[in-house]
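Report on one structure; see the data block that follows.
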Amino acid sequence: MPELRLRVNGEEHVADVPVGTSLAQVLRERLGLTGTKIACNEGHCGACTVQLDGVPTLSCITLAHAVEGEVTTIEGLRDHPLVQAFVRADAVQCGFCTPGQIVSAAALVAANPSPTREEIRHRMAGNICRCGTYPRIEEAILTWRD
Amino acid sequence: MARLIRTEKEVEGRFEEVWLAVEEDPLTQWPAGPRDVVGRPAVRKTGPERARGEARYTADLRLPGMLHAALLRSPHAHARVRRIDLAPALALPGVRAALGPGEAPGLDEEAGFAGAPVAAVAADSLAQARAALEAIDVEWEVLEAVLDPEEAVARGLLLGEPRRYERGDFERALAEADVIVEATYRTQTVLHNALETHQAVCEWVGDTLVVYISTQYLWGVREEVAEAFGLPRDKVRVVCEYMGGGFGAKNGAGEYAFVAAELARRTGRPVRCALTRREENVAAGNRNATIQKLVVGARSDGTIVALGGEFVNAVGWSGWSSSTEGPMKMLYACDNVRTVTYGARINTPPMKAFRAPGFVEGTFGLECLIDELAARLDIDPLELRRRNDAHTNDGVPFSSKNLAECYRLAEKHWERRHEVRARSDATWRYGVGMASQIWYGGGGPPSYAWARVGSDGRATIVTAMQDIGTGTRTAMAQIAAEELGFPLDRVDVALGDTARGPYASISAGSSTVPSMGPAVRAAAADAKRQILELAAQRYGLEERALDVRDGMVVSADGGLSVAVEEVVGLLESGQILGKGARGPNPAGMSVLTFGVQVAEVAVDVETGEVRVLRVAAIHDVGRIVNPLGARSQVEGGIIQGVGHTLSEQRLLDPETGQVLTRTLDAYRMPTIADVPEIVCEFVDRPDEHLTNLGSKGLGEPPIVPVAAAIANAIRDATGAEVRELPITREEMLRALAAARERERRGAPAAV
């Protein structure tokens, strides 16, 4: 089993993981970082979104051994103002998609601190919320610095 | 003393008579309007845990030594397992146990749909379990499959007898009507697709079976599992603290729970059985397709005199035939109604309750029909609805009904239609449509709660209910805080475990707040009474002169103002324990929810693209406990409704019965880019006859009228009759072509 070296939320991890294991699986099963959710496991819903060097990435269809650079999961963004913005705006219903939403939104506001509604709709369209919190998510991102 | 009564219980539009021990409930309702805590927006309890990824869902649970189960599913729409050999699977590395047909509830010899589970394997890893499924040797006897619901009805392949209803003299009323409109409406099969798939982790601890499960009903799972394994109910503990969505599909145990429990029994290890997303799309339940042949007869003044419907519910291999005819029976004052409803048992995946089952489908048909009648009579659709508003439910009085007020509040949105239509050009046509909503949502007993107040002056409401994402913890905490006189941040809610609280109702049928809220209030009142008893004795005052406000025990004359923690603190480690029960529903009354929605759409008449621009929703669900959470429920329901109306459709291969739309790529749910502007208003009047709270449920009402409001807006915009869901571009273009053809023949195309 080839050794896997991963840098996650500022920490270095070394693990023996079979080739072909997804990043999401490593995060959840090996590192215990269960904030990253798996909802479809085939790259269609965005629940597993993490950042790779700041870029939103679907960890369920990313091979762990192919990862180079810094992985940021929701656990690394727990103190991000977006967390409180999501709570304030009631952008959390069942909450299963929420970590992925916040990881995506954090990348969005890092690149553009004042996105328009249109930009939010464009950049967040890959994160499905079945409860339909979308209007609240939009509001949370519009008001994340309040 | 508890009183033993016989009462009617309703869940998801299904009724049964039950015995009930009711406690006297001496609490009078709070006056209408916002209180200190109730009626004011509150952010979600456990919102931060969920947002920070700390909340532990069933999907996140990993127990030491845990095995993973996988299910073998039928490749045929209808087949029987003639012979099965599990030995080759058991011989593979990591495989610890296997089950064949009949060895756990849900694993049957006869597979009634493509995807029906027949066998299961538990292995050290999920990959090993899946690989082992391939090794199971099955000899199938392929049976005849019936996939067409109308064929099933013709051949008498039904779940139960056809349901017939008649009041008045339908035939005569129809014959005497000035105007008759007939139309056939069809709705599609849609899938819940909660983001957490159906799953359970089961573990035996001594003689107790612990079931961790993503569920809407802890106690229902407890009962089903206890019965399946012949256990006393208290030897089954069911846990679900955080839950990743259900929408009706998680009201019971399911084969994944039984399989996990049986494999855990055989191996002595915890076993997890989780559906994949593709399994979720195949076998986890659906809102069944319907065919509705409807007719309405009216006088030229707009009085509806006859309503008739023949409804086919394409139920599938299992499920139940929901009340698709319900809105036709209940929404309008019409003396002559006749309906017949067939539940077709076909070789397709099972129906399960989905957010107002039957009424979503039936309201699409009925409310489109009413608008077609309005067009024929040249009467304003809002005016037509007002003229036919029902004042009783088939002779039974409503506990409260403020639909007329909903209509009044809808006027300003309805008025926008002139300005909206005026935006039309050659390509994009704009229009406005409306639809009314009726549904249950009164909840009912039994339900219990305990209130625990410690010497730190904090309260915890303890009840074994579940929060499925609707904001239950928050609403319950608000009700308790209001009654106790505590600030909201001093009240917590402990739920999600049958071992640590009393029986609580199902989180379905818009029943959580109306069922649980009154029990929580009663428990809080009991605790508060005890706090005041303590204070009265400690300070030598009359108990009735005391109250708790904002965490302080105060006397009416202002002489005493002392913190609750000082009073309860006298007890040191002692606690105040209050208990409360849900009282009965008002006898001889119909408890129902009402509303109206006004949708604005734009239709590209060249490509058939439909855009929903704005939906204004006005609902009457009694007292609103948390306006913030209530708005989220309305928005969520409307967004699911937009998916149901425009894009979502489970497709089957008509030859083989295989589900073709198995991924979230193929099954198209709304994204943030598909969301219209949503305006949400409430009548917010307590139902004076309903419990100590006056609140009804809100989970389901908002999805009920969405499809009809959008379809009616499309007719307003284009003159096209869309009578089939989803309104894809193909369906829209077909309807536009039909409208042009009608116009060519001289019939008026536009309203």
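The values are calculated or read from the model by the stated rules, or taken from the named source; none is laboratory data. Values in this document were obtained by computation on a predicted structure and should not be read as measured data. Every residue, glycine among them, receives a Cβ derived from its backbone with ideal geometry; neighbour counts consider all protein chains shown.
Assorted remarks:
- Any hit, the stretch B:282-289, residues being without any contact (Cβ under 8 Å) to a residue 24 or more places away in the chain, charged (D, E, K, R) and over 19 Å from B:Arg73 (Cα atoms): no
- Out of B:Ser632, B:Ser573, B:Ser555, sole residue that is buried (at least 24 other Cβ atoms within 10 Å of the Cβ) and of a type in the set (Ser, Thr, Tyr): B:Ser632
- Which numbered condition B:Ala89 misses (of (1) without any contact (Cβ under 8 Å) to a residue 24 or more places away in the chain; (2) among the small types (Gly, Ala, Ser); (3) more than 14 Å from chain A (Cβ to nearest Cβ)): (1)
- Complete set of residues in the stretch B:465-487 that are surrounded by fewer than 24 Cβ atoms within 10 Å (Cβ to Cβ), away from chain A (no Cβ under 14 Å) and outside any loop (DSSP other than H, G, I, E, B): B:Glu482
- Entirely in the stretch B:566-683, the strands (runs of 3 or more DSSP E) that have 2 or more residues that are under 23 Å from the mean Cα position of the chain (by Cα) and within 14 Å of another protein chain (Cβ to nearest Cβ): B:610-620, B:677-682
- Within the stretch A:1-16, the set of residues being in contact with a Leu (Cβ under 7 Å, 6 or more places away or on another chain) and either within 12 Å of chain B (Cβ to nearest Cβ) or crowded, with 20+ Cβ neighbours inside 10 Å (or both) comprises just one member, A:Val8.
- For B:His689, the conditions (1) in contact with a Lys or Arg (Cβ under 7 Å, 6 or more places away or on another chain); (2) farther than 23 Å from B:Ser632 by Cβ are fulfilled apart from (1).
- Here B:Gly697 fulfils each of the conditions (1) farther than 27 Å from B:Leu195 by Cβ; (2) in a loop (DSSP other than H, G, I, E, B) apart from (1).
- Test: residue in the stretch B:704-720 that is at pLDDT 95 or above, of a type in the set (S, T, N, Q) and out of contact with any Lys or Arg (no Cβ under 8 Å at 6 or more places or on another chain): yes
- If you filter the stretch B:341-394 down to residues that are of a type in the set (Gly, Ala, Ser) and on the phi > 0 side of the Ramachandran plot, you find that the one that is surrounded by the most Cβ atoms within 10 Å (Cβ to Cβ) is B:Ala356.
- A count restricted to the stretch A:30-89 and to residues that are touching a helix residue (DSSP H, G or I) at 6+ places or on another chain (Cβ under 8 Å) and among the basic types (Lys, Arg) stands at 2.
- Single residue of the stretch B:176-200 satisfying the filter (of a type outside the set (S, T, N, Q) and either free of Cβ contacts under 8 Å to residues at least 40 places away in the same chain or within 14 Å of another protein chain (Cβ to nearest Cβ) (or both)) that is farthest from B:Gly254 (Cα to Cα): B:Val190
- Qualifying residues in the stretch B:451-464 (those that are hydrophobic (A, V, I, L, M, F, W, C) and over 27 Å from B:Pro31 (Cβ atoms)) - the one surrounded by the most Cβ atoms within 10 Å (Cβ to Cβ): B:Ala464
- Here the condition is being of a type outside the set (Asp, Glu) and without any contact (Cβ under 8 Å) to a residue 40 or more places away in the chain; of B:Gly106, B:Gly102, B:Gly115, it holds for B:Gly102 alone.
- Residue check: B:Ala535 meets all listed conditions (1) farther than 20 Å from B:Arg582 by Cα; (2) surrounded by fewer than 24 Cβ atoms within 10 Å (Cβ to Cβ); (3) more than 14 Å from chain A (Cβ to nearest Cβ) but one, namely (2).
- Taken together, the residues in the stretch A:26-35 that are more than 7 Å from chain B (Cβ to nearest Cβ) and among the β-branched types (Val, Ile, Thr) amount to 1.
- Residue match in the stretch B:707-721 (condition: within 20 Å of the chain's Cα centre (by Cα) and polar (S, T, N, Q)): no
- Breaking point among (1) crowded, with 22+ Cβ neighbours inside 10 Å; (2) among the hydrophobic types (A, V, I, L, M, F, W, C); (3) out of contact with any Asp or Glu (no Cβ under 6 Å at 6 or more places or on another chain), for B:Ala253: (3)
- For the stretch A:20-72, taking the residues that are in contact with a Phe, Trp or Tyr (Cβ under 7 Å, 6 or more places away or on another chain) and aliphatic (A, V, I, L, M), the one that is surrounded by the most Cβ atoms within 10 Å (Cβ to Cβ) is identified as A:Ala47.
- Residues being among the aliphatic types (A, V, I, L, M), part of a helix (DSSP H, G or I) and farther than 15 Å from B:Gly457 by Cα - total across the stretch B:534-565: 2
- Meets criteria (among the β-branched types (Val, Ile, Thr) and farther than 30 Å from B:Pro701 by Cβ) for B:Val562: yes
- Scanning the stretch B:94-110 for residues that are part of a strand (DSSP E or B) and closer than 20 Å to B:Gly268 by Cα, we see that the one that is nearest to the chain's Cα centre (by Cα) is B:Leu99.
- In the stretch B:171-189, the residues that are more than 30 Å from A:Ile128 (Cβ to Cβ) and outside any strand (DSSP E or B): B:Glu171, B:Arg172, B:Ala173, B:Leu174, B:Ala175, B:Glu176, B:Ala177, B:Asp178
- Of the residues B:Glu688, B:Glu731, B:Glu743, B:Glu681, the single one that is at pLDDT 95 or above, surrounded by fewer than 23 Cβ atoms within 10 Å (Cβ to Cβ) and within 28 Å of B:Asp378 (Cα to Cα) is B:Glu731.
- Some residue of the stretch B:156-163 being surrounded by 14 or more Cβ atoms within 10 Å (Cβ to Cβ), assigned by TED's automatic domain parsing to the domain that holds B:Arg82 and farther than 30 Å from B:Pro88 by Cβ: no
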